[in-house]
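In what follows, a structure is listed as structure tokens, so that the remarks can point back to it.
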Amino acid sequence: MSAMEIQRPPSTSSRQFAPPETVMVRPLLLKPQWMNGLSERLLLSHYVNNYGGAVRRVNAIRVRLAALDWARTPVFEINGLKREELIAAGSMILHEVYFDSLGGHGGNPPSGREEPPAELAHALERDFGSIMAWRAEFTGMAKALAGGSGWVILAWSERLGRLVNQWAADHAHCLAGATPILALDMYEHAYHLDFGAKAAAYVDQVMANLNWERIGARYLLAIGEGAGDDELFLPFGAPAHEEARISPEELKAALQGDGDRRPVLLDLCLPRDLPRRTDMLAGATMHAPAALPRWVEELPRGRPIAVYCICGFQVSGTAVTELRKRGYDARALVGGITAWHAIGGTTVPLDKSTYEEG
Ligand SMILES: [Fe+2]
């Protein structure tokens, strides 16, 4: 795989729906509202602005590169664009490894007590002596980056025949040919909102939020033994069937169409989640999921329906399953309005006038 090909997660679920030149955003797999000591405000800001920003830069740079006359473009312009492409793509991929490595299991918050699965535990013992020894090195390296920035990466190196803890000063700093299994973001934007300058406290908190199941799946994929578990790399509760999901990029394109093929937008929100909301997609109608029998009959037949919630977990997933059972052409927005924010999708202030209270 060349450096500029974009890494696929160990999953077939995130099939590319957008045009092939567009790199699609990956949804958050963690539930930002109940992580161990990492606030929703911090996680969403990081995901939308830093991760989403990297995805948007990769796509913008690709558009520029596609239009370039390679024989006539000044070398400083070529160098600049290719350097920025490498940095943006590296940032995007490392952020995906970072966010995918965090979160609870199923619909549950992280317990902070999970351990690596058997194959990865064995490999860590083989290559570092013990899991404790690996952890001491990994967290020691991260804390040593406090006050600076960069990444600490657990990577599988085929050439070295082992797992390594790799130091990275920036997004473009990688051990050649190695595959990242776990990445710890040590840029200030990853912790400053919650921890101020206390980077060491942030490192300990990240370790208490690891999703070892997904890290283990990445390891198996890196050594060529991964079967790929679709649901593990989809937001928990998102519809299992691809035709019941729509990517933010695909929705954006569909909304630019007109007439009957333009999707009807449904914004679903649990009453307890209303305080977490400030905006919505233009033209969407907001409803309480529990009031479905009341609002479902107003939906037009024969038009596609796009349903979204905050992050694309059970709220939109359950509703889409129910709507499809009733014969509606409904699809759940992968990653919810959060992923929509990450691609730079526009929104309007929240309008709760159609919401069923009580
Ligand atoms: Fe970051």
Taking first residues from region 118-141 that are at pLDDT 95 or above and second residues anywhere that are among the small types (Gly, Ala, Ser) and in a helix (DSSP H, G or I), the pairs with Cβ under 8 Å that are 6 or more apart or on different chains are 119/216; 120/216; 131/121
- Query: Condition test on residue 79, is it open to solvent by 10 Å² or more (accessible area, probe 1.4 Å) and more than 16 Å from the ligand (Cβ to nearest atom)?
  - Reply: yes
Within region 243-270, of all residues that are part of a loop (DSSP other than H, G, I, E, B) and either in contact with a Lys or Arg (Cβ under 8 Å, 6 or more places away or on another chain) or at pLDDT below 95 (or both), the one farthest from residue 119 (Cα to Cα) is 258
query = Going by the conditions given, is residue 88 crowded, with 16+ Cβ neighbours inside 10 Å and either over 23 Å from the mean Cα position of the chain (by Cα) or more than 16 Å from the ligand (Cβ to nearest atom) (or both)?
reply = no
Here the residues within region 275-312 that are part of a loop (DSSP other than H, G, I, E, B), touching a residue at least 40 places away in the same chain (Cβ under 8 Å) and more than 24 Å from residue 346 (Cα to Cα) are 302
Residue 230 meets each of (1) open to solvent by 30 Å² or more (accessible area, probe 1.4 Å); (2) more than 20 Å from the chain's Cα centre (by Cα) with one exception, condition (2)
The residue that is modelled with the highest pLDDT, considering only those in region 152-174 that are open to solvent by less than 60 Å² (accessible area, probe 1.4 Å) and assigned to a loop (DSSP other than H, G, I, E, B), is 161
Any residue at all in region 211-222 that is of a type outside the set (S, T, N, Q) and assigned to a loop (DSSP other than H, G, I, E, B)? no
Apart from one, (1) modelled with pLDDT of 95 or more; (2) in contact with a Pro (Cβ under 8 Å, 6 or more places away or on another chain); (3) more than 16 Å from the ligand (Cβ to nearest atom) all hold for residue 70; the odd one out is (2)
Of 217, 240, 190, the only residue that is in contact with a Gly (Cβ under 8 Å, 6 or more places away or on another chain) and either within 16 Å of the ligand (Cβ to nearest atom) or under 30 Å from residue 117 (Cα atoms) (or both) is 217
Reported set for region 196-223 where residues are over 27 Å from residue 158 (Cβ atoms) and either small (Gly, Ala, Ser) or open to solvent by 40 Å² or more (accessible area, probe 1.4 Å) (or both) is 196, 197, 198, 199, 200, 201, 204, 205, 208
Scanning region 274-312 residue by residue, those within 23 Å of the chain's Cα centre (by Cα) and acidic (Asp, Glu) turn out to be 279
How many residues of region 175-187 are within 13 Å of the ligand (Cβ to nearest atom) and open to solvent by 10 Å² or more (accessible area, probe 1.4 Å)? The answer is 1
Of 52, 37, 112, 107, the only residue that is open to solvent by less than 30 Å² (accessible area, probe 1.4 Å), in a loop (DSSP other than H, G, I, E, B) and in contact (Cβ under 8 Å) with a residue 60 or more places away in the chain is 107
In region 331-344, anything over 13 Å from the mean Cα position of the chain (by Cα) and open to solvent by 10 Å² or more (accessible area, probe 1.4 Å) is listed as 331, 344
Review point. Yes or no: residue 202 part of a helix (DSSP H, G or I), within 24 Å of residue 138 (Cα to Cα), away from the ligand (no atom under 16 Å from the Cβ) and at pLDDT 95 or above?
Key: no
Checked region 55-99 for anything in contact with a Leu (Cβ under 9 Å, 6 or more places away or on another chain) and touching a residue at least 40 places away in the same chain (Cβ under 8 Å); matches are 85, 97, 98, 99
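The values are calculated or read from the model by the stated rules, or taken from the named source; none is laboratory data. Since this is a predicted model, take the numbers as computed values, not measurements. Every residue, glycine among them, receives a Cβ derived from its backbone with ideal geometry; neighbour counts consider all protein chains shown. Quick note on the areas: whole protein, heavy atoms, side chains included, nothing else; ligands and nucleic acids left out. Shrake-Rupley method; radii C 1.70, N 1.55, O 1.52, S 1.80 Å.
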